[in-house]
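One structure is given here, and the rest of the page talks about it.
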Amino acid sequence: MPSAKDTALLPDAGPLITLAYADALDVLFKPGWTVMLVDMVLHEVTRNQTPTSGKLATWVASARIPVLPTRTFEYFRQSATESPSPRSRNLGELAIQETMNEFALKVPPKTGVFLFEDHKIARASFMVPDSCRKVTTRAFLIFLEQKGLIDSATDIERRAVQSGRAFSTLRCPP
């Protein structure tokens, strides 16, 4: 029977930004899963000065979050100087999908939980291997509340909104 540590939580940029606005990044550790970031997502949330970029960079360093290298980020770095500029949208999601596919090929497969907020990712076209799951920030917070790991999912959402985050209304799974 796999332990909680055998599960990797892979947050996309949206959930990281929302939780940073709410000063609630540490809820990512509540299930006991290993929190990991892909290099492309870390770049996305720290490359520009934003209300949360410094907070996220400090949190990743102080919590010693493993950053997984991806071919997607390598592509982005190598092509950044090209003109016209190559694809740059949704690269964080592609890097997470690349990592989840690698998890699925391990023996035994590693479980990955992809945490997202983007409505486009909810489409069936986003491939999630059998050993992996995708869940919205809101569903994750509700899960934590139901397990008694946080007091209130709504309180965290409210804090993010009050701090200036336009929080997604997406609910997945329903």
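Only the coordinates and a few stated rules stand behind these numbers; no lab work does. Here the structure is a predicted model, which is why all the values come from computation and not from measurement.
Report, in whole Å, the centroid distance computed from the Cα atoms of segment 126-166 and segment 53-81.
Rounded to whole Å, the Cα centres lie 22 Å apart.
What's the tally of Lys pairs in segment 4-162 whose alpha-carbon atoms lie under 13 angstrom apart, where the two lysines are 8 or more places apart or on different chains? Don't skip to the end; give the middle numbers.
Numbers: Lys5/Lys30; Lys5/Lys110; Lys30/Lys147; Lys120/Lys134.
Total qualifying Lys-Lys pairs in segment 4-162 comes to 4.
Let a ≥ b ≥ c be the square roots of the eigenvalues of the Cα gyration tensor of segment 4-162; is it rounded (a/c under 1.5), or, if not, prolate (a/b larger than b/c) or oblate? Can you show the working numbers first?
Details: a/c = 1.69, a/b = 1.22, b/c = 1.39.
Here segment 4-162 falls in the oblate category.
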